[in-house]
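Below is one structure, written out as structure tokens; comments come after it.
The values are calculated or read from the model by the stated rules, or taken from the named source; none is laboratory data. Everything quoted here is computed from the prediction, not taken from an experiment. No Cβ is skipped: glycine too gets one built from the backbone with ideal geometry, and neighbour counts run over all protein chains shown.
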Amino acid sequence: MNKLIDKKTFISQLKDGMSIMVGGFMVCGTPERLVEWVLESNVKHLTIICNDAGYPNEGVGKLIRSGQVDTLIASHIGLNPEAGEKMGSGLLNVQLVPQGTLAEQIRAFGAGLGGVLTPTGVHTIVEDGKKVIRINDTDYLLEEALGADLALIKAHQTDHLGNLTYSKTARNFNPMMATAAKVTVCEATYLVDDIDPEIVITPHIFVHHLIIGGNAHDES
């Protein structure tokens with residue numbers, strides 16, 4: 001099965017109101033070409049799930065600037081002042097989630113779990129509206145698993161099947177997001193004939209589509 005797709009095919013799968021996970025940490029490991037294609041598609045009312053809000057002209061920040069994002073679920077937005085301004089004016093619904101909690105919610109969905117228990121946020125505003133479970137005299141918040149319609153991830157290498165490797169810290173959220181969406185599209189810097197199975201991080205079963213030729217700069 002050929003998993004390679006072009007821009008037209010990718011854009012044809014986008015719809016208004018989608019939830020989209022985007023890999024990366026401060027745009028390191030962010031699939032910039034795929035984000036650019038979402039920008040060009042002009043789909044709207046998106047829910048974006050990402051570690052952060054990117055920068056105004058990089059990563060998901062471009063989608064926030066264009067007004068295509070209604071809701072952002074992220075750990076911090078401090079690198080993108082435009083996200084803060086839109087949050088303050090009510091133009092962007094921002095749901096801030098502790099970084100470790102966000103990672104575990106995504107991982108839990110990919111593992112088929114209902115959620116995770118964490119002490120992070122107990123007795124703070126993070127607790128509001130959530131179930132508190134007491135185990136061995138310690139309170140934990142039940143954080144429900146988090147999935148999405150679409151995951152856009154960045155890899156260093158892929159083979160023709162879609163087995164993936166990542167470059168150093170560009171690995172970040174990408175592997176777990178690959179497992180937590182109905183459809184995963186990977187932007188890989190290099191296409192190779194073979195990858196040693198011992199170094200495969202994301203198996204091809206989680207990858208539905210591929211594009212090749214992303215910028216290696218995005219991985220550093």
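Listed by position, the strands (runs of 3 or more DSSP E) enclosed by segment 28-102 that each have at least 1 residues that are crowded, with 22+ Cβ neighbours inside 10 Å and modelled with pLDDT of 95 or more are 46-49, 69-74. Out of segment 66-90, which residues are in contact (Cβ under 8 Å) with a residue 12 or more places away in the chain and among the acidic types (D, E)? Within segment 66-90, D70, E82 qualify. Scanning segment 130-156 for residues that are surrounded by fewer than 18 Cβ atoms within 10 Å (Cβ to Cβ), out of contact with any Leu (no Cβ under 7 Å at 6 or more places or on another chain) and under 21 Å from H76 (Cα atoms) returns a single hit, E144. Filtering segment 124-135 for residues that are among the acidic types (D, E) and modelled with pLDDT under 95 leaves a non-empty set. For segment 10-27, the candidate set comprises residues that are polar (S, T, N, Q) and touching a residue at least 60 places away in the same chain (Cβ under 8 Å); within that set, the residue that is surrounded by the fewest Cβ atoms within 10 Å (Cβ to Cβ) is Q13.
The rows are residues; the columns are (1) closer than 30 Å to P31 by Cα; (2) among the β-branched types (V, I, T); (3) in a loop (DSSP other than H, G, I, E, B); (4) in contact (Cβ under 8 Å) with a residue 24 or more places away in the chain.
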residue: E104; (1), (2), (3), (4): yes, no, no, yes
residue: V122; (1), (2), (3), (4): no, yes, yes, no
residue: K130; (1), (2), (3), (4): no, no, yes, no
residue: I133; (1), (2), (3), (4): no, yes, no, no
residue: D139; (1), (2), (3), (4): no, no, no, no
residue: I153; (1), (2), (3), (4): yes, yes, no, yes
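Scanning segment 43-54 for residues that are under 28 Å from K130 (Cα atoms) and more than 14 Å from the chain's Cα centre (by Cα) turns up at least one hit. Taking (1) more than 18 Å from F25 (Cα to Cα); (2) crowded, with 20+ Cβ neighbours inside 10 Å in turn, A188 satisfies each apart from (1). Take E143 and decide whether it is outside any loop (DSSP other than H, G, I, E, B), within 22 Å of A178 (Cβ to Cβ), modelled with pLDDT of 95 or more and charged (D, E, K, R). Yes, satisfied. Taking segment 32-65 as the region of interest, how many residues are polar (S, T, N, Q) and either free of Cβ contacts under 8 Å to residues at least 24 places away in the same chain or in contact with a Leu (Cβ under 6 Å, 6 or more places away or on another chain) (or both)? The number of residues fulfilling the criteria is 2.
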